[in-house]
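First up is the structure itself, then whatever we jot down about it.
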Amino acid sequence: MLPKATRTPGGFRLYTTDDIERLHFIRQMHGLGFSLREIGELIDLRTRKVDACESVRELLKHKVSDIRAKLRELRRLETELVADLEKCNKELKHRQRHEACACPVLEEVAPK
């Protein structure tokens with residue numbers, strides 16, 4: 001994603017201000033959850049300085065949709081884990097009064 005850097009006689013890479021700005025852009029977009037392929041598309045749109053708003057909007061719409069799907073899945077997972085935690089807590093309270101039993105979470109056979 002970065003152009004090949006020139007080197008000093010000692011072999012050190014020399015990066016330009018534009019290279020550093022591009023690297024910051026790449027890191028920022030990666031931090032927002034964009035894949036390397038998507039970041040490449042954004043860089044291409046940015047480099048060509050075309051009227052890119054529509055293309056960027058579509059990428060953003062897809063990213064927001066992906067994130068919302070992940071959030072739904074994480075909420076579902078959280079609900080399952082909280083329910084399992086409550087089962088464990090209930091079992092541990094029961095054990096204090098009675099003999100040890102198998103963990104109810106580990107004994108469940110039903111697919112999730």
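The values are calculated or read from the model by the stated rules, or taken from the named source; none is laboratory data. From a predicted model like this one, the values you see are computed outputs, not experimental measurements. Glycine gets a Cβ as well: all are built from the backbone with ideal geometry, and neighbour counts include every protein chain shown. Quick note on the areas: whole protein, heavy atoms, side chains included, nothing else; ligands and nucleic acids left out. Shrake-Rupley method; radii C 1.70, N 1.55, O 1.52, S 1.80 Å.
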Could you give every pair whose Cβ atoms fall below 9 Å, whose first residue belongs to region 63-82 and is closer than 12 Å to GLY33 by Cβ, and whose second residue is open to solvent by 70 Å² or more (accessible area, probe 1.4 Å), counting only separations of at least 6 or pairs across chains? LYS63/LEU32
Among the numbered conditions (1) in contact (Cβ under 8 Å) with a residue 24 or more places away in the chain; (2) of a type outside the set (Gly, Ala, Ser); (3) loosely packed, with under 11 Cβ neighbours inside 10 Å, tell me where ARG48 comes up short. (1)
With the condition kept exactly as written, say whether any residue in region 15-34 is open to solvent by 60 Å² or more (accessible area, probe 1.4 Å), among the aromatic types (Phe, Trp, Tyr) and free of Cβ contacts under 8 Å to residues at least 60 places away in the same chain. yes
Qualifying residue in region 45-67 (condition: of a type outside the set (A, V, I, L, M), modelled with pLDDT under 90 and assigned to a loop (DSSP other than H, G, I, E, B)): yes
